[in-house]
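Here's the structure, in structure tokens; my notes come after.
Just so it is clear, none of the values below were taken in a lab; they were calculated from the coordinates. Nothing here was measured: the structure is a model prediction, and the numbers come from that model. Note that we place each Cβ from the backbone using ideal geometry, even for glycine, and neighbour counts take in every protein chain shown.
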Amino acid sequence: MTDYRDPSLPIGVRAQALLSQMTLAEKIGQMTQVEKNSLTLDETKDKFIGSVLSGGGGSPSPNTPRAWLEMVTSFQRAALETRLGIPLLYGVDAVHGHNNVYGATIFPHNVGLGAAHDPDLVERIGRATAEEVAATGIFWNFAPTVAVPQDIRWGRTCEGYGENIELVTALGAAYIRGLQSAWPQVAATAKHFIGDGGTTFGSSTTIIMNYRYLLDQGVVTMDEDPLRARFLPPYRAAVDAGVFCIMVSFNSWNGVKMHAHQYLLTDVLKGELGFTGFLVSDWQAIDQIPGGYHNAVVTSINAGLDMIMVPYDYDRFISEATQAVESDEISMERIDDAVRRILAVKFKLGLFERPLADPAALACVGSQAHCALAREAVRKSLVLLKNETGALPIAKDTSVIFVGGQAADDIGLQCGGWTIEWFGARGNITPGTTILDGLKQTVSPKARVEFDSSGEFDGSADVGVAVVAEEPYAEGMGDREDLTLADGDVALIERMRARCNRLIVIVISGRPLILTDQLPKIDGLVAAWLPGTEGAGVADVLFGDYRFTGKLPYTWPRSMSQIPMPSGGGGARLFPFGYGLEVEK
């Protein structure tokens, strides 16, 4: 009998050798992914669970890198005690760094990396993220999002690299290479297949925590040719880059839930594109397939799903899937294909040889080198939208600089959603450097920096820096009907305009905001997106140590009537895609 533990054998041979020894219970266990708080270590072993995940905010207590390693290792050791010793694959949403972990390096969200338009930078960020994720024993990242958002009211716009197909395609592939191309390898996940950035406003029926989603998990209404042209190229590039996993989208296409779409999942993705990895469902997403839970299990697996993110009632899923196989509703060939794909990824990752992480690797989490990379990314992501009266760069010996807005001194607002908690939060939720810290560290001893979160100052200043921000959000909780600048931020700009000779406004957001009425009152306008923990990167560019090089990844509308673009109202947009001023240092 072929020994599947022999690393010298081809992966296909090893996967088939192991598959041939597995019972139906062991196979279905491999297809089951469970949220970490919903099962015990004994259940992990007894049910042959193939994957465990932490959702947004799914952290151990205390939330430290070492506690993460210990938690993940405990699940892995339980899996290794099974009859065949198949390691489990632990997954996490490390969408802008290992963002659930306190003290990890938090990079700019993808919207900022799209503004940087630098594939080499994105690949290096993928590599650094892989190192931090793997250090905690995790070898599967639910990233990158390769959506091509068409409506910036969508709450996941910040997870997209931009509205341009070529930009998303290039940066998505670069990130996948960063995660998967060197040791430690971490499985990348291109998501969410397909059309998640093209849903129709108001088409979603999802309600979470009494909040009605507007775009997220909605309906894509278009013919197949435009669907392919607009949304398929990033997946083709991901497959060409060797992506190990693809996550299926909550949305529907012309009335059919994507998790039930055999043509797109099996015929197009696995057949036409030649995808050899495995397909995973999104969080409890198969439950949205009509016809009851049993039908949802049968339909999704027959459509091409290989692993189901249950994530809670795994006993029910295992029972329904087993019954479906025994009644020939799901063929054994389909089960074997799914399990073979999952096993092949585990072999490719080297989990059978190295299932446990080395605790010494924890030193890389939040390391100086990774923070320096994140600071570089912040610098390259900044987009200069307006610069009049010599507002930028700011002279380091400027006598008085007023800094206003809570976001100037708030790590949580800088990082946005998917940071420590699913939605993120205001405040010092993780270590880092705020924009205010960076300004104070950069000015000369002759300069005086005064800060007030409300922008209320006595006297006047040569320069004012007002930092306005969206509240943190995630997924459909960020769907917004109106993207007009918040009343408090409008008032902040008004107050500081009256006290400053030159006013610079920094926008912290996951998408363009409507600020046309405020633009005449602003001398310098900078889109800083969601920069993460290294806010000093903003000061690096404001004071001219580095040049502005960022370009808009999304068209910036003049009014809400122009959204969605390009089908919105007429008239010139405030700033076009690719816009960005440059000034000499």
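Distance from the C-alpha centroid of the range 384-439 to that of the range 37-72: 34 Å, rounded to the whole angstrom. At full extension, Asp336 and Arg316 could sit 5.1 nm farther apart than now, given 0.36 nm per residue minus the alpha carbon distance. Distance between the modelled labels on Asp223 and Met209, one decimal in nanometres: 4.2 nm (7 Å Cα→Cβ projection). Potential lengthening of the chain between Asp517 and Tyr293 amounts to 75.6 nm, from the contour at 0.36 nm per residue minus the alpha-carbon distance.
Placing dummy labels 7 Å off each Cα toward the beta-carbon, the span from Glu388 to Ser454 is 3.0 nm.
Considering every alpha-carbon pair of the range 369-475, the percent of pairs per 10 Å bin, from zero through the bin containing the longest distance, is 13, 39, 37, 11, 1.
Fully extending the segment from Gln284 to Val583, taken as 0.36 nm per residue of separation minus the present Cα-Cα distance, adds 102.8 nm. Per residue, the convex hull spanned by the Cα atoms of the chain amounts to 137 cubic angstrom. The Leu273 and Met1 beta-carbon pair, evaluated with R₀ = 30 Å, returns a calculated FRET efficiency of approximately 0.30. Close Lys pairs in the range 11-364, defined as Cα atoms under 16 Å apart and 8 or more places apart or on different chains, number 7. Quick check: the angle from helix 332-348's long axis to the longest principal axis of the chain, C-alpha only, nearest 10 degrees? That works out to roughly 50 degrees. Relative to its residue count, the range 464-542 spans a Cα convex hull of 93 Å³ per residue. Translational diffusion coefficient of the range 382-562 (Stokes-Einstein, Kirkwood radius from Cα pairs, 10 °C, 1.306 mPa s): 97 µm²/s. Look at the dipole of the range 11-364 built from charges on Cβ: of Val248, Tyr102, Ile11, the Cα furthest out on the positive end belongs to Tyr102. Electrostatic tally near Gly438: other residues with Cβ closer than 15 Å to its Cβ, Lys and Arg +1, Asp and Glu -1, net -3. Taking label points 7 Å from Cα along the Cα-to-Cβ direction, Thr23 and Thr484 give a separation of 6.4 nm. Rounded to the nearest 0.05, the FRET efficiency derived from the C-beta distance between Ser327 and Thr40 at R0 = 30 Å is 0.50. The value of relative contact order for the chain, using C-alpha pairs under 8 Å at least six residues apart, is 17 percent.
Let me make sure I get this right: for the range 62-176, a, b and c are the square roots of the gyration tensor eigenvalues over alpha carbons, sorted descending. Under 1.5 in a/c it's rounded, otherwise prolate if a/b > b/c, else oblate. Which is it? Prolate. Computed over the chain, the per-residue total of -39500 (n - 2.57) for DSSP H runs of n ≥ 4 gives a 222 nm mean residue ellipticity of -9000 deg cm²/dmol, rounded to 500. If I fit a long axis through the Cα atoms of helix 487-497 and take the longest principal axis of the Cα atoms of the chain, what angle between them do I get, 0 to 90°, rounded to 10? Taking the Cα atoms of the chain, the angle to 487-497 is about 30 degrees. Using the beta-carbon distance between Asp462 and Glu166 and R0 = 35 Å, what value does 1/(1 + (r/R0)^6) give for FRET efficiency, to the nearest 0.05? E between Asp462 and Glu166, to the nearest 0.05, is 0.25. Cross-link partners of Lys380 among lysines, defined as those whose alpha carbon lies under 18 angstrom from its own and excluding same-chain residues fewer than eight positions apart: Lys551, Lys585.
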